[in-house]
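The values are calculated or read from the model by the stated rules, or taken from the named source; none is laboratory data. Keep in mind that this is a model prediction, so the values were computed, not measured. Note: ideal-geometry Cβ built from the backbone for every residue, glycine included; neighbour counts use all protein chains shown.
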Amino acid sequence: MASKLWASRAASYLKISAFHRGFSSVLKDLKYADSHEWVKLNGTSATIGITDHAQDHLGDVVFVELPEVGTSVTQGNSFGAVESVKATSDVNSPVSGKVVEINVELNSSPGLVNASPYDNGWIIKVEMSNGSEVNSLMDSEQYSKFCEEENSKH
């Protein structure tokens, strides 16, 4: 019995210490918007999701509002929302174009946004209408600095 209690205490301690890490992970080969979305480019195709920093601040995601395939998205404008136990947050498109695929897995497993924000938790794929828009986005170093500055204000 004592070992079981110790194990659960250790687990809750580990959860707490993991949650309070100093900074979120930022991937090198992605581009970032100041509204905390990431873009992975593959030619004119862009995969979009929310960053580790964003999911960390939101807390447990319980619902993801997805657009329809074929919907037009505009850089800087909302295309959906992520609802967590704490708040609902709009998700903005870092690029303009047409939605060609949505991550239907998020309908049944919205927590993928928390568990795997850069891989299994992607939200939409867009066929970009203006490839030069990515030049206005931040690279990983700029985004890391942006997050540090934002954190120091709170």
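Here are the numbers for the structure shown:
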read-out	value
When residues of segment 95-126 are limited to those that are closer than 14 Å to E68 by Cα and touching a residue at least 60 places away in the same chain (Cβ under 8 Å), the one nearest to the chain's Cα centre (by Cα)	I123
Pick from segment 42-55, criterion in contact with a strand residue (DSSP E or B) (Cβ under 7 Å, 6 or more places away or on another chain) and within 13 Å of W122 (Cα to Cα), ranking: surrounded by the fewest Cβ atoms within 10 Å (Cβ to Cβ)	T47
Number of the exception - G70 against (1) modelled with pLDDT of 95 or more; (2) in contact with a strand residue (DSSP E or B) (Cβ under 6 Å, 6 or more places away or on another chain); (3) on the phi > 0 side of the Ramachandran plot	(2)
Hey, E105 in contact with a strand residue (DSSP E or B) (Cβ under 7 Å, 6 or more places away or on another chain), at negative phi and among the acidic types (D, E) or not	no
Options V61, V85; residue that is modelled with pLDDT of 95 or more and either of a type in the set (A, V, I, L, M, F, W, C) or within 19 Å of L30 (Cβ to Cβ) (or both)	V61
Segment 131-154: number of residues that are touching a Ser or Thr at 6+ places or on another chain (Cβ under 8 Å) and at pLDDT 95 or above	2
Any hit, segment 22-36, residues being surrounded by fewer than 17 Cβ atoms within 10 Å (Cβ to Cβ), modelled with pLDDT under 95 and in contact with a Phe, Trp or Tyr (Cβ under 6 Å, 6 or more places away or on another chain)	yes
